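Only one structure is covered here, and it is reproduced in the block below.
The values are calculated or read from the model by the stated rules, or taken from the named source; none is laboratory data. All values reported here derive from a predicted model rather than from experimental measurement. In this analysis, Cβ positions are derived from the backbone assuming ideal geometry, glycine residues included, and neighbour counts consider all displayed protein chains. Side chains included, ligands, DNA and RNA excluded: accessible areas come from the protein's heavy atoms. Shrake-Rupley method; radii C 1.70, N 1.55, O 1.52, S 1.80 Å.
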Amino acid sequence: NFNKVENSYGEHTLTSNKTYPKISLTDGYLIKPREYIVGKEVTFSFDIMYTEWDIPTEANITELWVGQRYGNPSWKSITKFNLPRVEKECILNEWYHFEGTMTIPEHESAEVPAEASIQFHNSNADVTASITFRMKNVKLEYGNKATDWTPAPEDIENELATNYYNKVETDAKFKVESDRITSTVSRVETVEK
């Protein structure tokens, strides 16, 4: 659900005027909220860059987070982490590496909805607040230490398959061109004899 800028990162803009704009990440999590092991630690890591931070001083940012949480009535965090803020934890137009660890809470009942998203909220209806950000190298893992980002196994398999088919196609084109050159050389030799 990101506007892809390059292969390595996605970009999105969220604008709030007493609204709750969000980016749904439901399909981005391999583990659903009630599938986590209760009491286990999870570590979330990613790189983020803000390219726009238009937050007037009158704005009141009450939500700026990424992750999973239960909905009403509990609003309990599952893997929810506050995003860094410009001028407090990071600088505009520079990549910032984030790492955070939390413990998986008790599961809520099946009647309580759950969501996975990036959310932003400015509670002051008199001003508009807007952010544009890029994210890459996103990784959520069990344990309390972030490890280096690696592509998902299915991404590696897809890349290997693509590279294989590209090589097969290139080899086939090379063979056709090689046969054409050999045929041309044979005709030249025949004419010269």
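Structure summary
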| item | result |
| --- | --- |
| Hits in the stretch 33-46 - residues which are over 19 Å from PHE120 (Cβ atoms) and either out of contact with any Ser or Thr (no Cβ under 9 Å at 6 or more places or on another chain) or of a type outside the set (Phe, Trp, Tyr) (or both) | PRO33, ARG34, GLU35, ILE37, VAL38, GLY39, LYS40, GLU41, VAL42, THR43, SER45 |
| Conditions (1) in a loop (DSSP other than H, G, I, E, B); (2) within 26 Å of HIS107 (Cβ to Cβ): number failed by ARG34 | (1) |
| Members of the stretch 123-148 that are open to solvent by less than 40 Å² (accessible area, probe 1.4 Å), in contact with a strand residue (DSSP E or B) (Cβ under 8 Å, 6 or more places away or on another chain) and closer than 10 Å to SER16 by Cβ | SER123, ALA129, SER130, ILE131 |
| Cβ pairs under 6 Å, 6+ apart, first in the stretch 99-116 and β-branched (Val, Ile, Thr) and assigned to a loop (DSSP other than H, G, I, E, B), second at pLDDT 95 or above and open to solvent by 60 Å² or more (accessible area, probe 1.4 Å) | ILE104/LYS40 |
| Residue, farthest from the chain's Cα centre (by Cα), within the stretch 1-18, restricted to residues that are modelled with pLDDT of 95 or more and open to solvent by less than 40 Å² (accessible area, probe 1.4 Å) | SER16 |
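Residue by residue, here is whether (1) within 22 Å of SER109 (Cα to Cα); (2) outside any strand (DSSP E or B); (3) open to solvent by 20 Å² or more (accessible area, probe 1.4 Å); (4) in contact with a strand residue (DSSP E or B) (Cβ under 8 Å, 6 or more places away or on another chain) holds:
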| site | (1), (2), (3), (4) |
| --- | --- |
| TYR20 | no, yes, yes, yes |
| ILE23 | no, no, no, yes |
| ASP27 | yes, yes, yes, no |
| THR43 | no, no, no, yes |
| ASP47 | no, no, yes, yes |
| GLU52 | no, no, yes, yes |
| THR62 | no, no, yes, yes |
| GLY67 | yes, no, no, yes |
| TRP75 | yes, yes, yes, yes |
